[in-house]
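Peer 1: Right, I'll just put the structure down here and ask away after.
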Amino acid sequence: MHRPFSYKLNIFLFLLPALILFVGILIAPIAMSAYYSLTEWNGLGIPKFIGLQNYVELFTSKSINIMRALKNAMLLAVLSVCIQLPFALLLALKLSRHVKGERWYLAIYFMPVLISSVVIGQLWIKIYNPEYGALNMFLRSVGLDSWTRIWLGDKNVAFGACLVPILWQYVGYHMLLMYAGIKGMPADLNEAAMLDGCTPAQVSWYITIPYIRPILRVSVIFAVTGSLKSFDMIYVLTNGGPNHATELPSTLMINLLFLRNRYGMGSTIAVMLIVLCFVFAMLINLAFKEEK
Amino acid sequence: MKKLVALMLAAIMLLGIASAVAEDVTLNLWTIAVESDSSYQTFIDAIAAFEAAHPGVKVNHEPTQNEQYKIKIKAAMSAGTDLPDVFFTWGMGFLGEFVAADRVLNLDEYYPAYQEELPVNMTANASYDGKLFGVPYTMSEVVLFANMEILASVGYDHIPTTIEEMNECCDALLAAGITPFGVSGKELWCLSEYLEPLMIKSVGTERLIKLYNGEESWNNPDVIAAVEAFQNLVNKNYFDPNAAALGNDEVKTNFIAGKYAFYQNGSWNCGDIDKSENPAKFQAGLFPVLNADNASLYELIGGPNNTLAVTATTEHKEEAVALAFELGRFMSDADYKSGANLPCWTPDPDAQVSDLVSQVADIAAKSEGMVLFGDNFLSADQANTYLDYIGLAYAGDITPEEFAQGMDDTLYNK
């Protein structure tokens, strides 16, 4: 006999552990951050409620200079979408065409994703070393001495230098997502197009790319939100320096939270990041929906 | 049969109780003495000596690298859980915030037992409202390390004693293709090791303390003169042009390898310099006076700073307090002998120390005033803003006047 109440109770009981985890790990910390963002708190005493003062200070303080960090994050997001993703797509398209050694190439391109950012950061610190680094040594060896720089110490080039390893590291990740999408395509779609006389480039442009649009949407969301949240590589390479030239919202947040003991202001940046990631994810979804 | 079972159960229970009674007390100790730190081995030795003197007490030493440690201890203090029993800390502002939050044990009732060996004047930076909250074990001061072989190569047999002579010496070094000063522009506190001695030798001890306390405006000619002198060092290319990309360890290694003539940093570097192939070529001195009307050569940046404190929540108060004091005493003595730092505790009169450590100790003995490092003196938020301004001044992004005005505006809302 069907008993609706018992049925709903079962559903509730089975969902309860996941609900507890979801609320405890995700919702509660966000709610706590939102509360702390309205307080002045050094992390040790009793938080003092100050309303929206932290938000006002965040966007007006020259000392914090959140706009510089946001500008850097947006630049990273744009370059991720405009350089990292097209490059990953090209690799995925190429590798999915039964290239000799396909598995090896996949493993090699994916390797940077598996290696710790700290290790990659240290590797690039060595590459960028102004004295013995591979980059300056190469430039000197080809007579381009005037192009040598203190790559991570010159505020005019430091962020650009940081962008290279950040973009490079995750090419393999997006490539794998797209590769999986392409491999999941029914073979007859491509075959039919080829029989109709399409070139490989036309097949890619008119058949493959539209087919993997959901994957591309996910990649764009990951690239943009990942850029906004990006932290580890910058922390290792420059820790936001020189003179905050490479600061991102997350490095600024860590600085305020743990070096300056401004837990209220740090939480304000955390809330801002959550809102930004959410808004951008919505906008990207909307953009892909409209295209459809 | 029932009696036998009951007896066996009782025996098991007694055994359990007995083993619980005999169980070791484990004290958790957090420090910054990672393996590459000059105090690492001293800590290991000090802990071994403590454990030998206190059977049944084990010390679980958890070292963390300096910058990460600051984050770790603050996060733990903030959460108030999983705190160590004893922890390393810096005095004044750093420890002060934990004290204000009641996270640190007051040591007043334990101090008299050690007062004879640990003079009261050494406890000032760990005392708040007249109450002692930490066991200082070493003091340090900013000194100007010089490579005398390099100086001799440009005709100097001594560390320049006036600003004019220092400039001439640096010009001669540059002409000979040698970088005068090594500094890490990547670690802002290293820049403060150059600016603060200039500051104290321009404004004097008392006024520098007033500046840090917000009792005097930074916007005055003497502060501006100090920042100008600092920026002159940069503008004249006296610093390593690659400084912005170098960490302090790299700079120290370069100095020891003979890349720079001078390296101005804390006296804790003596141990590393003494380990070099030819330590005799290095001397410790002081940066010349900037304004003789306000300051003298022996007005110094530094003071008792490296401190051990006991958390208020420790479950083993007596053992933890003993660990803090006894480790402090051991570290003070051993760090002094190894050249890692100057002692806060009365040193062993027969201690054999290197020439470099003797020179640093001699400078401390002649001290006519001492002000703690600015980033330790100030609160965490103020200290980081202050270091930011120093970084901006070093990069030439702000003028000395903007530095002074910025300090007033940002730190003290004047």
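FYI, it's all coordinate maths here, none of it is from the lab. Predicted model, so just to flag it, every value in this text is computed and none were measured. All Cβ positions, even for glycine, are placed from backbone atoms using ideal geometry, and neighbour counts span all protein chains on display.
Peer 1: Taking only the Cα atoms of the stretch B:268-414, how large is their convex hull per residue, in Å³? If you can, show how the numbers build up before the last one.
Peer 2: On the way: hull volume 26.5 nm³, N = 147.
Each residue corresponds to 180 Å³ of Cα convex hull volume.
Peer 1: Starting from the coordinates of the alpha-carbon atoms of the stretch A:1-146, obtain the Kirkwood hydrodynamic radius over all distinct pairs and give the value in Å to one decimal. Don't jump to the answer; show the numbers that get you there.
Peer 2: Values: mean 1/r = 0.0448 Å⁻¹.
Averaging 1/r across every pair of different Cα atoms and inverting gives 22.3 Å.
Peer 1: Based on other C-beta atoms within 10 Å, arrange B:Glu67, B:Glu319 from fewest to most.
Peer 2: Values: B:Glu67 14, B:Glu319 22.
Ranking B:Glu67, B:Glu319 by Cβ neighbours within 10 Å, fewest first, gives B:Glu67, B:Glu319.
Peer 1: Taking the number of other C-beta atoms within 10 Å as the exposure measure, put B:Tyr298, B:Tyr260, B:Tyr137, A:Tyr109 in order starting with the fewest. Spell out each step's value before the answer.
Peer 2: Numbers: B:Tyr298 16, B:Tyr260 25, B:Tyr137 32, A:Tyr109 19.
Sorted ascending by nearby Cβ count, the order is B:Tyr298, A:Tyr109, B:Tyr260, B:Tyr137.
Peer 1: Another one. Determine the relative contact order of chain A: mean sequence separation of Cα pairs under 8 Å and six or more apart, normalised by residue count, in whole percent.
Peer 2: Values: 327 pairs, mean separation 82.2, N = 292.
In percent, rounded to a whole number, it is 28.
Peer 1: Add +1 for every Lys or Arg and -1 for every Asp or Glu among the other residues with Cβ under 14 Å from the Cβ of B:Leu83, and state the total.
Peer 2: Details: positive: B:Lys72, B:Lys74, B:Arg103, B:Lys317; negative: B:Glu62, B:Asp82, B:Asp85, B:Asp102, B:Glu315.
Net charge in that neighbourhood comes out at -1.
Peer 1: Using the Cα centre as the reference, give the magnitude of the dipole from point charges on the C-beta atoms of chain A (Lys, Arg: +1; Asp, Glu: -1; all else neutral), rounded to the nearest 20 debye.
Peer 2: Values: 22 positive and 13 negative charges, 71 e Å.
The dipole of chain A has a size of about 340 debye.
Peer 1: Can you give me the P(r) profile for the stretch B:301-370? Cα pairs, bins 5 angstrom wide beginning at 0, each as a whole percent.
Peer 2: Values per bin, smallest distances first: 3, 15, 23, 20, 15, 11, 7, 5, 1.
Peer 1: Only bridges with both residues in the protein assembly as shown count here: give the DSSP antiparallel percent, nearest 5. If you can, show how the numbers build up before the last one.
Peer 2: Details: 26 of 42 bridges.
For the protein assembly as shown, the DSSP antiparallel bridge percentage is about 60.
Peer 1: Please rank B:Tyr412, A:Tyr173, fewest neighbouring Cβ atoms within 10 Å first, as an exposure proxy. Could you put the intermediate results ahead of the total?
Peer 2: Numbers: B:Tyr412 15, A:Tyr173 20.
The order, fewest Cβ neighbours first, is B:Tyr412, A:Tyr173.
Peer 1: Quickly work out the A:Phe49-to-B:Asp129 label distance, labels modelled 7 Å from Cα along the C-beta direction, and quote it in nm with one decimal.
Peer 2: 2.7
Peer 1: A further question on this structure: Just A:Val78, A:Val279, A:Val99 to compare: in a GNM of chain A, with alpha carbon springs under 10 Å, which one fluctuates most?
Peer 2: The residue with the greatest mean-square fluctuation here is A:Val99.
Peer 1: Semi-axes of chain A's equivalent ellipsoid from the Cα gyration tensor, sqrt of 5 times each eigenvalue, largest first, rounded to whole Å?
Peer 2: Numbers: eigenvalues 274, 234, 54 Å².
They are 37, 34, 16 Å, listed largest first.
Peer 1: Count charges around A:Leu256 for me, please; just the other residues with Cβ under 13 Å from its Cβ, Lys/Arg as +1, Asp/Glu as -1. Please report the intermediate quantities before stating the final value.
Peer 2: Details: positive: A:Arg260, A:Arg262, B:Lys74; negative: A:Glu40, A:Glu57, A:Glu247, B:Asp381, B:Asp388.
My count for the surroundings of A:Leu256 gives -2.
Peer 1: Dipole magnitude of the protein assembly as shown about its Cα centre, charges +1 at Lys/Arg Cβ and -1 at Asp/Glu Cβ only, in debye to the nearest 20? Let's see the in-between values first.
Peer 2: Numbers: 44 positive and 72 negative charges, 897 e Å.
Roughly 4300 debye for the protein assembly as shown.
Peer 1: OK, next. Which links in A:Lys48/B:Lys74; A:Lys48/B:Lys210; B:Lys72/B:Lys210; A:Lys94/A:Lys183; A:Lys126/B:Lys186; B:Lys186/B:Lys281 stretch past 21 Å when you go from one Cα to the other?
Peer 2: Values: A:Lys48/B:Lys74 19 Å; A:Lys48/B:Lys210 29 Å; B:Lys72/B:Lys210 31 Å; A:Lys94/A:Lys183 12 Å; A:Lys126/B:Lys186 15 Å; B:Lys186/B:Lys281 28 Å.
Exceeds cut-off: A:Lys48/B:Lys210; B:Lys72/B:Lys210; B:Lys186/B:Lys281.
Peer 1: Continuing with this model, one more query. For the stretch A:64-291, with the dipole built from +1 on Lys and Arg beta-carbon atoms and -1 on Asp and Glu ones, taken about the Cα centre, which of A:Tyr235, A:Ser117, A:Gly133 lies farthest toward the positive end?
Peer 2: A:Tyr235
Peer 1: Quick one: if you stick a label point 7 Å off each Cα along the C-beta vector at A:Leu189 and B:Glu67, how many nm between them?
Peer 2: 4.7
Peer 1: Here's something else I'd like to know. Please give the net charge around B:Pro197, taking every other residue with its beta carbon less than 11 angstrom from that of B:Pro197, where Lys and Arg add +1 and Asp and Glu add -1. Kindly include the intermediate steps, with their values, before the conclusion.
Peer 2: Working: positive: B:Lys201; negative: B:Glu141, B:Glu193, B:Glu196, B:Glu299.
Within the 11 Å Cβ shell, the charges total -3.
Peer 1: Relative contact order (percent) for chain B, with alpha-carbon contacts under 8 angstrom and 6 or more residues of separation? Show your work: numbers first, answer last.
Peer 2: On the way: 711 pairs, mean separation 105.2, N = 414.
That works out to 25 percent.
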